[in-house]
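I have placed the structure first, in the form of structure tokens, so that the comments after it can refer back to it.
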Amino acid sequence: MRVSALFGTTRRSAPGEELESHQLLLRAGFVQQLATGIFSYLPMGWRTEQKLRRILREEMNALGGQELCMPVVQPAELWQRSGRWDHIDQVLLRFQDRRGRDMALALSHEEVVADLTAANVSSYRDLPRIVYHIQTKFRDEPRSRGGLLRTREFTMKDSYSLDRDQAGLELAYRAHFVAYFRIAARAGVPVVAVLSDVGVHGGNLAHEFMYLTEVGEDTLVFCSSCGYAANQEVAETGLPEPESEPEQELEEVETPGASSVAELSAYLQIDPSRVAKSVAFMAELERAQPARLVLAVVPGPSEVNLAQLRNAIGAVDLRTATPEEVGRGGGVAGYMSPRGLSADAAIVVADELLTRRRNLVAGANRTGWHLRNFNLNRDCRVDKVTRLAAAATGDPCRNCGSPLSVRKGIEYGNIFQLGTRYSVTLGALYHDEVGQQQPVVMGSYGIGLGRLLACVAEEHHDDRGLTLPIGVAPFEVALVSVGQDGEVTELAESTYRELTEAGVEVLFDDRDASPGVKFADADLRGIPLRVTVSPRSLKAHGAELKRRIGEPRTIPRDTVLAEVLEELGALRREEREWVSSQLDPVRALVAQTFGGEG
RNA sequence: CGGGGCGUGGUGCAGGGGUAGCACGCCACUUUUGGGAAGUGGAGGUCGGCGGUUCGAAUCCGCCCGCCCCGACCA
């Protein structure tokens, strides 16, 4: 490809408020935004995307996946049968066709897979199978952000395993678990696996694969001692032994102006962890039903784990309550507690940790007053006890008690043991050996391509631009000619021909532009190897070879092809070594996670 | 959905009641050619939309639309 013929320009600047790695993708002409959360891929970005797709196909085929393609536009009926038409609120984009028929844009493809399975699988002899496609999804996110990190339209590699039973599902799940490490590593992105929320799918097990970075929007909890790793949404911490001190008499104490945990603990000169903090939410327990007041009671310093709270009460929708709503339920914002609240007024969910503590401080539901010697089991009504406090740095690990650490990450992929939910509702059944009809056991596994590209850019850039791995860079070699000297042009042209004929992917900057411009563009685009032909290099009887990250050296003109091929080989070799270094620990991890041989 | 910010040539931005500006990019010519060259000349904008105030609106007011950031949310 000649730069003089390329569609898509580089830019000197991008909007300043965007994420830095995303600014580079914009400036390098990889992607361009059309609307909120909706992007075009320009030829540069599309080439990289194609390379990511190739990696995905190779790895999915390697575990026995069969590629197919399912539609993005789908009839509502399918979604009504699975129940998701009603259970998913605004994220599912709905519209009508010309006949007024309800339609939806696919936000994933479980329904269609189950529908296809119903029609194409009838016997245990037809199982197991793994199918996948790389296809557009649309999720009308309330808020896109971070460039490609969270978009509304995106491409996903989603695969689906079809098995006779749970044991088969576990094999497919394990295969994907390994493949997802391989795929990320081949794309040049280091990832970790964390336990994740199974959500309303109600499956048995789910993992997310995370690229650790401060700009990530997921919060993750790790134990460096035993290896426990979980999304904060599902992270559990160790519980202390119940306190044994006798329960003392409940008393009201005046605490003027102390409406926050910090103020309260300072005023009473107690540790914040001695406070039973009540946080008020409004929860819709069923779609389109009036929201109910929910009190989440957690230790003073803790945040409420919203996913746990949602799961605990089966909420369809959950939001923080306004002071008025708290008041209507009989509470007093800032001085709130479950004390004295009727079952009609509020649903009370308490952190299990607090049931093991004695003589805490809680709100008195009276402005300016709190309660001392508050004992959760004795002094109020509790509807549900669960682990509600979000795991925080230093909390004890549930497995080994060591202090946990908390980090941020980007979810690049997830894997899900679905079970039989979709096969039952959509009739994906098979006959077993004795002629009994059984529901197919399903798993689903997703990787977002745009997000993967964002992770690649985030991991591989410097102050001059992208520094892409050779496995995903849009071109392998940037060929730069300096000046318009006849001999320079001649050597550059012949080098371009020679490399291209040898199958090397070359981006030849043949423009009549100054060297600085050409170097800057090659750097910005992140092309891993650069060949420069210039009057200066000709004086040394050849061309200059330089890695994107590395020092230049001169090579004789009649060895350019050989030198380039060797350097490309070296780059590939180094990347393979890096990939295997990433995969080394995975075998042990698999054994630890699933048991048996890795 | 709440809070904040922004919308002005292709890109990034300034201007903030008197008729549109800078840098980069683009076109032409000349001189240049190892880290975003220089000169000369040029093209390019109904200032997001609609309505209002005013002698006069990019500028003030109202409504709407779009985009970004924080939060809620994120099957």
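Read-outs: derived from the displayed coordinates by stated rules, not from any lab. Predicted, not measured: the structure shown is a model, and the values here were computed from it. Cβ: placed from backbone, ideal geometry, glycine included. Neighbour counts: every protein chain shown.
Semi-axes, largest first, in whole Å: what does sqrt of 5 times each Cα gyration tensor eigenvalue give for chain A? Show your work: numbers first, answer last.
Numbers: eigenvalues 552, 192, 107 Å².
The answer is 53, 31, 23 Å, longest axis first.
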- Simple spin-label estimate for A:Phe594/A:Ser40, 7 Å along Cα→Cβ, in nm, reads 4.3 nm
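Stretch A:Glu243-A:Arg553 to full length: gain in nm at 0.36 nm per residue minus the Cα-Cα span?
Details: separation 310, 0.36 × 310 = 111.60 nm, distance 7.04 nm.
Length gained, A:Glu243 through A:Arg553: 104.6 nm.
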- Separation in nanometres of the label points that stand 7 Å from Cα toward Cβ, at A:Glu252 and A:Ala5: 8.6 nm
- Given A:437-447, A:137-147, the highest-first ranking by average Cβ count within 10 Å works out to A:437-447, A:137-147
- Modelled label reach - A:Ser224, point 7 Å along Cα→Cβ, region A:384-416 residues with backbone N closer than 12 Å: A:394, A:403-406
- Charged-residue dipole, Cβ positions (Lys, Arg, Asp, Glu), region A:243-353 about Cα centre, Debye nearest 20: 540 debye
- Task: Apply the Karplus parameterisation 6.51 cos²θ - 1.76 cosθ + 1.60, with θ equal to phi minus 60°, to every residue of region A:339-351 and state each ³J(HN,Hα) to the nearest whole Hz, in sequence, with x for glycine and proline.
- Result: 4, x, 8, 7, 4, 6, 6, 7, 8, 10, 10, 10, 5
- Taking the Cβ of each residue in A:Val348, A:Val121 as the centre, tally the other Cβ atoms inside 10 Å and list the residues starting with the fewest. A:Val121, A:Val348
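Size of the dipole of chain A about the Cα centre, Lys and Arg at +1 and Asp and Glu at -1 on the beta carbon, nothing else charged, in debye to 20? Mind dumping the intermediate values first?
On the way: 67 positive and 83 negative charges, 136 e Å.
Roughly 660 debye for chain A.
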- Task: List, in order, the whole-Hz ³J(HN,Hα) value for each residue of region A:136-145 obtained from phi through the Karplus relation with A = 6.51, B = -1.76, C = 1.60 and θ = phi - 60°; use x for Gly and Pro.
- Result: 5, 10, 10, 10, 7, 4, x, 8, 6, 6
- Compute the signed sum of charges (Lys and Arg +1, Asp and Glu -1) over the other residues within less than 15 Å, Cβ to Cβ, of A:Leu169. 0
- Output the Cα-based Rg and Dmax of region A:99-186 in Å, rounding Rg to one decimal and Dmax to a whole number. 16.3, 48
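Let me have the 222 nm mean residue ellipticity of chain A computed from DSSP H runs of 4+ only, each contributing -39500 (n - 2.57), with the sum over all residues rounded to the nearest 500.
Working: 17 runs with 185 residues, N = 598.
Helix-only estimate at 222 nm: -9500 deg cm²/dmol.
If R₀ is 51 angstrom, what is the calculated FRET efficiency for the pair A:Arg143 and A:Glu574, using the beta carbon separation as r and rounding to 0.05? Could the numbers behind the result be given before it?
Working: r = 40 Å, r/R0 = 0.77.
Computed FRET efficiency for A:Arg143 and A:Glu574: 0.80.
For A:Ile88, A:Ile183, A:Ile527, A:Ile549, what's the fewest-to-most ordering of other Cβ within 10 Å of each Cβ? Kindly include the intermediate steps, with their values, before the conclusion.
On the way: A:Ile88 18, A:Ile183 24, A:Ile527 27, A:Ile549 11.
Ascending number of Cβ neighbours within 10 Å: A:Ile549, A:Ile88, A:Ile183, A:Ile527.
Restricting attention to region A:483-577, which chymotrypsin sites (Phe, Trp or Tyr not before Pro) occupy a DSSP loop and are surrounded by at most 15 other Cβ atoms within 10 Å? Walk me through the numbers before you get to the answer.
Working: sites: A:Tyr496, A:Phe508, A:Phe519; in loops: none.
Sparse-neighbourhood loop chymotrypsin sites (Phe, Trp or Tyr not before Pro): none present.
Could you please rank A:Val112, A:Val406, A:Val326, placing first whichever residue has the fewest other Cβ atoms within 10 Å of its Cβ? Let's see the in-between values first.
On the way: A:Val112 20, A:Val406 16, A:Val326 23.
Ordered from fewest to most neighbouring Cβ atoms within 10 Å, A:Val112, A:Val406, A:Val326 come out as A:Val406, A:Val112, A:Val326.
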- Could you pull the Rg and Dmax for region A:212-299, using just the Cα atoms, both in Å? 18.6, 49
- Roughly how many nanometres apart are two label points built 7 Å out from the Cα toward the Cβ at A:Leu561 and A:Ser122? 5.8 nm
- So how much slack lies between A:Glu303 and A:Arg511, counting 0.36 nm per residue of separation and subtracting their Cα-Cα distance, in nm? 69.1 nm
- Query: Under the Karplus relation 6.51 cos²θ - 1.76 cosθ + 1.60, θ = phi - 60°, what is the ordered set of whole-Hz ³J(HN,Hα) values for region A:366-380, x standing for Gly and Pro?
  - Reply: 8, 4, x, 10, 10, 10, 9, 6, 7, 10, 4, 6, 9, 9, 7
- FRET efficiency estimate (nearest 0.05) - Cβ-Cβ, A:Asp432 to A:Lys408, R0 45 angstrom: 0.45
- Query: Which three semi-axes in whole Å describe the equivalent ellipsoid of region A:370-421, each the square root of 5 times a Cα gyration tensor eigenvalue, listed largest first?
  - Reply: 33, 21, 12
- Per the 1/(1 + (r/R0)^6) rule, R0 = 45 Å and r from the Cβ atoms of A:Tyr267 and A:Asp97, FRET efficiency to 0.05 is 0.10
- Message: Which one, A:Val477, A:Ala258, A:Val189, is farthest towards the positive end of the dipole of chain A when Lys and Arg carry +1 and Asp and Glu -1 on their Cβ?
- Response: A:Val477
- Leading residue at positive end of dipole, region A:90-160 (Cβ point charges), from A:Gly100, A:Thr155, A:Ser123: A:Thr155
